[in-house]
Structures are given as C-alpha cells and as structure tokens.
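Undergrad: I'd like to ask some things about the structure below.
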Amino acid sequence: MKILVGIKRVIDFSVRVQVKKDGSGVNTDGVKLSINPFDEIALEEALRIRERGTPAEVVAVSIGPADCQQQLRTTLAMGADRAILVESTDAIQPLMAARIFHELVKRENADLVILGKQAIDDDFNQTGQMLAALWDRPQATFASKVELKDKALAVTREVDAGLETIEVDLPAVVTTDLRLNTPRFVKMPDIMKARSKPLQSLRLADLGVTEAPKLETTSYAPPPQRMGGKKVADVPALVAALKERGVL
Amino acid sequence: MSKILVIAEHDGAKLNASTARAVSCALAIGGEIDVAVFATDAATVAAAAAKLKGVRRVLKVERTENAHQLAAVLAPQIAKLAKDYTHVLAPSTTFGKDLLPRAAALLGVQQVSDVMKVIDPATFERPMYAGNAIVTVQVPASPCILATVRTASWQACAGDGNAEIIAVKTATAVPSHTRFVELKAEKSDRPDLQSAARVVSGGRGVGSKENFAIIYKFADKLGAAVGASRAAVDAGFVPNDLQVGQTGKIIAPDLYVAVGISGAIQHLTGIKDARTIVAINKDPDAPIFQIADIGLVGDLFQILPELEQELDKL
Ligand SMILES: Cc1cc2nc3c(=O)[nH]c(=O)nc-3n(C[C@H](O)[C@H](O)[C@H](O)COP(=O)(O)OP(=O)(O)OC[C@H]3O[C@@H](n4cnc5c(N)ncnc54)[C@H](O)[C@@H]3O)c2cc1C
Ligand SMILES: Nc1ncnc2c1ncn2[C@@H]1O[C@H](COP(=O)(O)O)[C@@H](O)[C@H]1O
C-alpha cells in the first residue's frame, strides 16, 4: 500500500505571531519554522500502519520554497521512505494544494493520503476535504483513531457532539486530530541514514496543474486587545468584582 | 442582490444553535436567505428553522442517504443547489468544517473559513495564526461564494420568523464508500458548551478525573456549562467534546471561569470573545492573568468551595 503524507512548513506553534506595523503581513524575520503539528501526527500514523505489519511505502509531500527540504529531511529521519518537494514560492491556498495533491495521488497511485486537519498558519481546515472531493473518494476528517480493515478503514472522529466512528473504503483521505498519536522523536543515527533516502524536487510548472481561484488578502490587523490584568485579593473581592460587572 | 443558502446543522431531531448564528452572518451580507435541511425526515428541524427571523424559505432535502449528514453524501447535493445562489454558508463547527470544503472543491471555489465580519458581500474578515492576525479577504464572486461562519463572532438571529417550508429533490448520485457506524456522545443535563451564557473550565491543575467533580459542582452552582483545556482532555480527565481552544470549541459566553489553566495561546484563541474572563490559578505569573478581567491567585481546591459558600449568601 502507498501512503502519501502532507507536510506543510509553518511558523512554530510556540511563536506568538505578530502583525507587521504596516498591515502587509506578519513578522517572519528570524522566526522559527517547523512542520505543522498535525502533519507530524499524520506522518506518525502512516509509520505506525507500516510498523503494525502492513507493507507500506510512506511518501512525505511538501509544497513550498526550496528550503522546505529541511523539514522533509526530518520526515525521512522519522521513517518516511522518500519525499517529494513541489517547489513554489507563492502562498498555496487549499484548493490549489488539493489540486497538486490530486495530481500526485494519480501519479503515485496512492491508497491512502493522510493530511493534518488544519495548517496552524492559515487555519483553513480545507485541503483534505477538497482533495477527497476532487479525487471522488471518502474523507475521514479530525481522526483520533484509525483502524485498517482489509480494503477499508474504521476511523473515529472528534466531532462537537463526541466521538463519531465511520467506515470508509480505500483509497481514502484521512485528516488528523491531535489525540491520534504522539509523534516520535528523531534519533541521531536516523538523521545520518536519512541522507541517502530519495528526496525528489518537482517544479509546480512541471505538474501541469491549473491555477486555482484564490482569496486575495488585502490587509492584516492585530486582534483587538483585551484589557485584562486586574487581580483581586480574596474570594469576597472576586464576588464583588463579578457583581460590579453585572455578571452575577 | 445576494441569494444566500445556509446549511442547517441538526442531529435529526433538533436544530443546532449554530444555525441561527450563521443566519445572522447571512443577514449581514444582505439579500434573500434560504435554509437547507438535509435529513431523512426533516419536518421537525425545518419547522424550527422556519422560525429564524429573516429566512425566506426552508428547503427540506429528504432522502434516506441523508440520515447521518455525511460530507461525501451531502456535498454533491449542495453543489447542485448552489447553482441558484450567490453564497452558501455553514457554521464553522465540526459539521460545517467537514462538509463545506468538499462542496467548494466540487464547484472549483476557494472557500472562506471562519467569517468574523462582513465588509461587503465579497469581502470578509477572518482569523489566522490562532487568532493572532485578523485578515481581510476578497473572494471571487463567480460562480458562488462558500464560507463557514465563526459562530462565536455572531449572535443568534431572532426566533419569531415564519418562513415558507418547501420540499426539494436532489436527484444527484451519492456515493456509498462512506458509512456511518456510531456516535458516542456523553449525555448531560448541563447547558451546551457552545451556546451557554456561563462556562467553567478546568485544566491540568485540576489533577485528575475524580478531582474534576469540583469543577462540575461549581458549574452547577452557576448554571454553567463545563469546558476544559487540551491538557485536561489529553490526560483523560474529561471527554474530547469539552475541549476549548484553537482546535476545540471557540466560545463566547458572558462569563468564562478558567480554573487551573495556564493560558496557552491555543487555549486563549477559544475564549477571546467571552465578555468576562475570570482566572483562578496558583501561579501569579500564569499568562492567563494577562487577559483575565478578574484574577485570583491561589489553590483552586480552597477557592472553589469558598466561592460556593459566598455565592450561597447572595
Ligand atoms: C497545534 C496545537 C493546538 C492546540 N490546541 C489547543 C486547544 O484547542 N485548547 C487548549 O486548551 N490547548 C491546546 N493546545 C495545548 C496548549 O498549548 C497547552 O498545552 C494547554 O492549553 C495547556 O493546558 P493547561 O493550561 O490545562 O495545562 P498547564 O499549562 O500545565 O497549566 C496548568 C495550570 O494549573 C495551575 N495549577 C496547578 N495546580 C493548581 C491548583 N491546585 N490550584 C490552582 N491552579 C493550579 C498551574 O499553575 C498551571 O498554570 C494546543 C497545542 C498545539 C501545539
Ligand atoms: N503547502 C502544503 N504542503 C504540504 N501539505 C499541505 C500544504 N498545504 C496544506 N497541506 C496539508 O493540508 C492540511 C490542511 O491544511 P489547510 O487546509 O491549509 O488548513 C495540512 O495539515 C497539510 O497536511
């Protein structure tokens, strides 16, 4: 079985992102970049499917500038068999990303695609659903448990009402939620070994994917600031403050 | 003039409160508003949707395959209906997030996620970077605009409307590759986390599943819904549907009480729209205090019982 995993490079989750003064974007100078946390979970799940005994080739895919190679090297060290970088310096929105993944899925004859449920930079939460639609295959989004059953998957999904289980035929698209697994750490010897694993670079222009419609971002603004910071000394003072604000 | 279709969220029996908030967003866009109810038997839910003020018509889309609201089944039907509309909206709940991008891709449309504000019918504000940036985006109007509505940014519309209810057939073929198995939902008599006026949340500081009883007890005293941080859910103190934050529920209650929660960016994203935030934490430097309107430093196991006593005196 062949599993494609989406690996997007994003601003690290621990960075408090700041909007530039002129509203043209966010500050990225010297900011730490990492694999989207949901995508690390996606890769971990693919590796576990293989380790549980299903013969599988795990291919990590990133769309982004040339230096995303660094994040792809990390995935090879974690255990991916090979990696594909689709080089693009433009910000790729979900419909375009889905079209690119669709093209790769056809070329690679993939049985399963695991993506994150959302990229923590754009917070769109769309790409997996869109890929499934273009591919005309099932989607199992927000997965917290994935069980492989012959030619199908049983997937438990984290939904607002609780936990929903659905069964989907393969090929399919799964998107990960945070509780699906805890990704492994990379070990030093594996980083050395990963150097000889294949990392293929493709130019977006070579894929023959038609440009998708886009949202045009006209301005960035910081969120309204909350004026917090007031502390009270004890419980009676807390109750008095609540009454003063009219919430009790 | 805009013609807007709002996709109703429901569980087969009850209309979800998120639908009335999505209708408010539709009202801000302006134009004719219809609501679509996909179900096997849509009568009860359609009757509830017909009361939403400002709605012109409620479309009942009834077929057996619509029983479990599966995205793969509904999306092709929505894509078909979309031909008659300028906009299709759904609430930005797990239901709408799962469903709408699938319909958007079928239509070749780049969807807008989490609309916070309408600037004009094709220009919206939405959050990025866990709410650390608010961007204004312009959307190509053709063939149709698809958007999910960030429910915490919108009040429910009024409920004294009287829309016409009509039955609509979607002859579209739907796939059988996706099958519903089960839904495990915790039954609770407490208010619903997403629409409650008051919410009490516990974090890792609560310490255990057993200790969480103190949170439930205090919430009951306030008539509040119960929420939690991701750390509390991960540790197994409470089920996943209580998680508040970037990747859990985004809520906007009148009163939010964070107990034993440090205030990570991802948690704060979920509560920024609360009217009053109260923090109880034993660490005076916990980041939650920077945004809390009222902070009290101390041990939650002492403070909560004392607070209950104080509330009894009121
Ligand atoms: C991609 C991503 C998405 C995430 N999404 C979410 C999300 O949606 N929601 C979310 O909540 N988190 C989310 N997180 C996790 C987030 O970063 C934090 O790890 C989490 O919110 C911490 O939870 P906490 O505050 O309960 O735990 P901690 O940070 O461990 O804080 C516990 C607090 O309890 C206090 N405490 C301990 N004992 C007591 C006592 N007896 N009395 C009073 N106070 C006490 C401590 O002082 C401390 O401040 C996400 C993380 C990532 C990477
Ligand atoms: N540029 C990209 N490169 C690799 N994977 C991507 C890219 N964009 C989106 N994805 C995948 O799609 C998921 C959801 O992204 P989004 O729809 O943007 O929130 C991510 O977690 C990735 O797995």
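Undergrad: Taking into account only those residues within region A:1-23 that are surrounded by fewer than 21 Cβ atoms within 10 Å (Cβ to Cβ) and more than 16 Å from ligand 1 (Cβ to nearest atom), which is nearest to A:Glu108 (Cα to Cα)?
TA: Only one residue fits best here, namely A:Lys2.
Undergrad: I would also like to ask the following. Here is a list: B:Asp293, B:Asp273. Which entry is closer than 30 Å to B:Ser92 by Cα and facing chain A (nearest Cβ under 8 Å)? Step through it out loud before you land on a result.
TA: Working: B:Asp273 fails: facing chain A (nearest Cβ under 8 Å).
Within the list B:Asp293, B:Asp273, the selection yields B:Asp293.
Undergrad: Could I ask something else about it? Which one is farthest from the other protein chains (Cβ to nearest Cβ) among residues in region B:118-132 that are part of a strand (DSSP E or B) and farther than 13 Å from A:Thr218 by Cβ?
TA: Just the residues of region B:118-132 that are part of a strand (DSSP E or B), to begin with: B:118-120, B:123-128.
This time we only want the ones that are farther than 13 Å from A:Thr218 by Cβ, so: B:118, B:127-128.
On the way: B:Val118: 14, B:Pro127: 7, B:Met128: 6 Å.
Once the filter is applied, the top-ranked residue is B:Val118.
Undergrad: Across region A:125-146, which residue is farthest from the other protein chains (Cβ to nearest Cβ) among those that are touching a residue at least 24 places away in the same chain (Cβ under 8 Å) and open to solvent by 20 Å² or more (accessible area, probe 1.4 Å)?
TA: A:Lys145
Undergrad: Suppose we filter region A:147-158 for residues that are open to solvent by 20 Å² or more (accessible area, probe 1.4 Å) and assigned to a strand (DSSP E or B); how many remain?
TA: Residues of region A:147-158 open to solvent by 20 Å² or more (accessible area, probe 1.4 Å): A:147-151, A:156.
Retained after the next criterion (residues that are assigned to a strand (DSSP E or B)): A:147-149, A:156.
Counting residues in region A:147-158 that are open to solvent by 20 Å² or more (accessible area, probe 1.4 Å) and assigned to a strand (DSSP E or B) gives 4.
Undergrad: Right, here's the next one. Could we say that A:Ala66 is open to solvent by less than 10 Å² (accessible area, probe 1.4 Å), out of contact with any Gly (no Cβ under 8 Å at 6 or more places or on another chain) and more than 8 Å from ligand 2 (Cβ to nearest atom) here? Step through it out loud before you land on a result.
TA: Numbers: open to solvent by less than 10 Å² (accessible area, probe 1.4 Å): no; out of contact with any Gly (no Cβ under 8 Å at 6 or more places or on another chain): yes; more than 8 Å from ligand 2 (Cβ to nearest atom): yes.
No.
Undergrad: Inspect all residues belonging to region B:66-77 and state whether any of them is open to solvent by 20 Å² or more (accessible area, probe 1.4 Å) and either farther than 22 Å from B:Ala13 by Cβ or not assigned by TED's automatic domain parsing to the domain that holds B:Glu32 (or both).
TA: Scanning region B:66-77, I find at least one residue that is open to solvent by 20 Å² or more (accessible area, probe 1.4 Å) and either farther than 22 Å from B:Ala13 by Cβ or not assigned by TED's automatic domain parsing to the domain that holds B:Glu32 (or both), so the answer is yes.
Undergrad: On to the next question. Could you list, in sequence order, the residues of region A:35-54 that are more than 10 Å from ligand 1 (Cβ to nearest atom) and polar (S, T, N, Q)?
TA: Of everything in region A:35-54, just one residue is more than 10 Å from ligand 1 (Cβ to nearest atom) and polar (S, T, N, Q), namely A:Thr54.
Undergrad: Taking the stated definitions as given, is B:Asp283 more than 10 Å from chain A (Cβ to nearest Cβ) and touching a Lys or Arg at 6+ places or on another chain (Cβ under 6 Å)?
TA: Values: more than 10 Å from chain A (Cβ to nearest Cβ): yes; touching a Lys or Arg at 6+ places or on another chain (Cβ under 6 Å): no.
When the stated conditions are applied, B:Asp283 does not pass them.
Undergrad: Could you list, in sequence order, the residues of region B:275-288 that are outside any strand (DSSP E or B) and open to solvent by 10 Å² or more (accessible area, probe 1.4 Å)?
TA: Looking only at region B:275-288, we keep the residues that are outside any strand (DSSP E or B), and these are B:275, B:282-288.
Once the filter is applied, which keeps residues that are outside any strand (DSSP E or B) and open to solvent by 10 Å² or more (accessible area, probe 1.4 Å), region B:275-288 yields B:Arg275, B:Lys282, B:Asp283, B:Pro284, B:Asp285, B:Pro287.
Undergrad: A follow-up question, please. A:Lys149: without any contact (Cβ under 8 Å) to a residue 40 or more places away in the chain, within 7 Å of chain B (Cβ to nearest Cβ) and over 21 Å from A:Ala80 (Cα atoms), yes or no? Quick ask: steps written out before the conclusion?
TA: Working: without any contact (Cβ under 8 Å) to a residue 40 or more places away in the chain: yes; within 7 Å of chain B (Cβ to nearest Cβ): no; over 21 Å from A:Ala80 (Cα atoms): yes.
Criteria not met by A:Lys149.
Undergrad: Looking at region B:222-231, is at least one residue in the same structural domain as B:Val259 (by TED's automatic domain parsing), closer than 30 Å to B:Ala22 by Cα and open to solvent by 60 Å² or more (accessible area, probe 1.4 Å)?
TA: Yes, because at least one residue in region B:222-231 is in the same structural domain as B:Val259 (by TED's automatic domain parsing), closer than 30 Å to B:Ala22 by Cα and open to solvent by 60 Å² or more (accessible area, probe 1.4 Å).
Undergrad: Restricting attention to region B:259-273, which residues are more than 8 Å from ligand 1 (Cβ to nearest atom) and surrounded by 23 or more Cβ atoms within 10 Å (Cβ to Cβ)?
TA: B:Leu268, B:Ile271
Undergrad: Kindly provide the set of residues from region B:133-158 that are open to solvent by less than 50 Å² (accessible area, probe 1.4 Å), more than 7 Å from chain A (Cβ to nearest Cβ) and not aromatic (Phe, Trp, Tyr), ordered by number. Please lay out each step first, then the result.
TA: Residues of region B:133-158 open to solvent by less than 50 Å² (accessible area, probe 1.4 Å): B:133-137, B:139, B:144-154, B:157.
Now drop any that are not more than 7 Å from chain A (Cβ to nearest Cβ), which leaves B:144-154, B:157.
Of everything in region B:133-158, those that are open to solvent by less than 50 Å² (accessible area, probe 1.4 Å), more than 7 Å from chain A (Cβ to nearest Cβ) and not aromatic (Phe, Trp, Tyr) turn out to be B:Cys144, B:Ile145, B:Leu146, B:Ala147, B:Thr148, B:Val149, B:Arg150, B:Thr151, B:Ala152, B:Ser153, B:Cys157.
The values are calculated or read from the model by the stated rules, or taken from the named source; none is laboratory data. Quick caveat, the model's predicted, so the values are computed rather than measured. We place every Cβ from the backbone using ideal geometry, glycine too, and count neighbours over all the protein chains shown. Please note that ligands, DNA and RNA were not included when accessible areas were found on the heavy atoms of the full protein model with its side chains. Shrake-Rupley method; radii C 1.70, N 1.55, O 1.52, S 1.80 Å.
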